[in-house]
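The values are calculated or read from the model by the stated rules, or taken from the named source; none is laboratory data. None of these values were measured; they are calculated from a predicted model. Cβ placement follows ideal geometry from the backbone for every residue including glycine, while neighbour counts extend to all protein chains displayed.
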Amino acid sequence: MKSAAWKYLLAGFLPLVVLLFVPTRPLLVLTFGQEILLRTAPVDPRDFFRGDYVELDYDVAHLPLSLLGGEAERGETLYVALRPDARGVMEAVGISREKPSAGSYLAGRVVYLSAFGAPSSSQVDLDYGIGRFYIREGTGGELEDALRRGGVLAVVRLLAGRAVLKELRIESAQ
Amino acid sequence: MMKPNRGGESVRDDMREGKKISAMRLGLIRRESEEWVESGFIEASQRERIIASYVPGRRVLPRAAVLLGVLMIGLGLLNFVAANWYRITPTWRVSLIVALYLATLGGAFWSDWAERPLVSESLLFFSGFVFLGGIFLISQTFHTEGHYVRALALWMVGFLPTVLLFRSLSSLLTMHVVALFYMGSVLFLSFGGGYGLAGVLSFSLEPVMVLLVLAALTGWFYLLEGGLLRGARTLSAAVSLCLVTGLTAVGVLLARMDLREITMPLFVYLALGMGIRFFGERAEIAGVDSLGLAVTGISGILLTFPFAWGHSFWQEAASETMAYCVAVSVFVGAYLLWLIVRRERQGTFAAFLFCALLVRWYFDFVASFMSKSLFFFTGGLLLILPPLIFGRLRRKKGESSEGGEGSR
């Protein structure tokens, strides 16, 4: 028995919404976002559903709570103001609960809070959603070799605090 | 009294007339009835009608192997694409995924209107696979960190209308397996702020997803039984819902015990599944025996992995742990083979689980030294080729014996 055309239209509606909606924001960020550099360090796991990837850890993902000037809660969104250093790599200069009105900033979710001794040494760990970079299968070793020769910089596109990873760049040893 | 045919076959298949019997028995009836005609017991037209009232049942193990093999080749294709499309821009990648999805859905529609229901159903099933692959490939394209469990949830939401509207067995089964895998993942794997079973409590804050899974599972049973066991759908849907909810409750209860290892809960599920299957078969409540088998099969297969015995994913398992894994494999394998040999209505599903068990060991032996796409392609071919070759040989043998009979 033939199925009516509306059944196919209805069946295709939600998958198309998902397939078109999910990439919209990252595409906007990649197209219109500001390009910045972040210092990072990778490790090398394997993902069976997608491809090999490196897990990335950023300098700006572990910050002293003193930059916020108050307490933070796990799960809340904080905004990290950025400023380029002498080599053009971004570093954190402040944390706030409101979006900064000017300059570059990253929106991150608090994933962990740690206190070491004095309150001033408390640290906040933030997740910016850019902790994973997919690489060509079997090239994790090459990246590790490159790491031994120097550090790794992440080229990130940034739009209204939202970040999308574009590529990794090997920083030559000084 | 003829028993109602309730399991294993698609709702569409069930609409076909004819009682299913093995090809061997059908051959016997053909030969015997020919002699009855020759002896004058019955007319030739009566013989034709008798033979037409039977359909040869398809062999369950080859069918299950082919289904799993096709899935593995699909995964191989997905990985091959993922590993080789770095030169294409993200916009083109998304466009290709959407175009492929539309092509498969459009192809299903066209085949449906061209009176090719089997092609239509296969393309519809493939569209679901493209959709799932598309979610993972988009995630890879933009280097997003999302947990695979969330991707599965997204897929279930998107594919549910297809399952509800078209009621094909392959889609229903896939949705059911993914739903069970999803439930297993969120119950037993580390997820959002906790590890092991303690992580479950953080998941329980997502009741909408749990409800969705329950709705999907209930819908599956409802549709399958609605088509195959007319009149008793409300009872079987209610029993299925109660059992699925009960199994979830057991999972949450075990989680609250904050056990560090998942070995004991998996054994509990293994035993519960066997009990539910036995109860479902005895009480003849459709779908319940399949649910029990699914629970047994999945928990049993999980118990063949060292992580189920407290080993971390990245640590090489001790020989003692591997011995436990092998022992569980032998037990679960023997149980599934017993169900296959009995040729009861869960035979196809049992065969599918048996193939999954074989694939699990194939995974263990070769995954570490093969590229992923090659691993999936080879595994898929290993599953598909034997049934194809043996099927062809069997057909040739059948043709030659038919020819022999004819010349007699």
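Some observations on this one:
- Test for B:V149: is it of a type in the set (V, I, T), in contact with a Ser or Thr (Cβ under 6 Å, 6 or more places away or on another chain), at the interface with chain A (Cβ under 10 Å from one of its Cβ atoms) and in contact (Cβ under 8 Å) with a residue 12 or more places away in the chain: no
- Of the candidates B:A317, B:A294, B:A271, B:A308, the single residue that is modelled with pLDDT of 65 or more, of a type in the set (A, V, I, L, M, F, W, C) and in a loop (DSSP other than H, G, I, E, B) is B:A317.
- The residue pairs whose first member lies in region B:337-366 and is touching a residue at least 40 places away in the same chain (Cβ under 8 Å), whose second member is aliphatic (A, V, I, L, M) and assigned to a loop (DSSP other than H, G, I, E, B), and whose beta carbons are closer than 6 Å, counting only pairs six or more residues apart or on different chains, do not exist in this structure.
- Just one of the listed residues (A:S121, A:S114, A:S101) is out of contact with any helix residue (DSSP H, G or I) (no Cβ under 8 Å at 6 or more places or on another chain) and in contact (Cβ under 8 Å) with a residue 40 or more places away in the chain, namely A:S121.
- Selection within region A:144-174 - among the hydrophobic types (A, V, I, L, M, F, W, C), over 18 Å from A:D59 (Cβ atoms) and at pLDDT below 90: A:A146, A:A160
- Of everything in region A:1-37 that is more than 7 Å from every other protein chain (Cβ to nearest Cβ) and hydroxyl-bearing (S, T, Y), the residue that is nearest to B:E121 (Cα to Cα) is A:T24.
- No other residue among B:S127, B:S120 is under 17 Å from A:L20 (Cα atoms), touching a helix residue (DSSP H, G or I) at 6+ places or on another chain (Cβ under 8 Å) and crowded, with 19+ Cβ neighbours inside 10 Å apart from B:S127.
- Residue satisfying condition, being more than 14 Å from chain B (Cβ to nearest Cβ) and modelled with pLDDT of 80 or more, within set A:G108, A:G103, A:G129: A:G103
- The helices (runs of 4 or more DSSP H) found entirely in region B:7-57 that carry 1 or more residues being modelled with pLDDT of 65 or more are B:23-39, B:44-52.
- Residue in region B:84-96 that is touching a Cys at 6+ places or on another chain (Cβ under 7 Å), of a type in the set (A, V, I, L, M) and either modelled with pLDDT under 85 or surrounded by 13 or more Cβ atoms within 10 Å (Cβ to Cβ) (or both) present: no
- Residues that are within 17 Å of the chain's Cα centre (by Cα) number at least 2 in the following helices (runs of 4 or more DSSP H) confined to region B:86-180: B:117-141, B:148-166.
- The set of residues in region B:274-291 that are more than 21 Å from B:C355 (Cβ to Cβ), part of a helix (DSSP H, G or I) and not aromatic (F, W, Y) comprises B:G275, B:I276, B:G280, B:E281, B:R282, B:A283, B:V288.
- Residue among B:T141, B:T91 that is touching a residue at least 12 places away in the same chain (Cβ under 8 Å), facing another protein chain (nearest Cβ under 8 Å) and touching a helix residue (DSSP H, G or I) at 6+ places or on another chain (Cβ under 7 Å): B:T141
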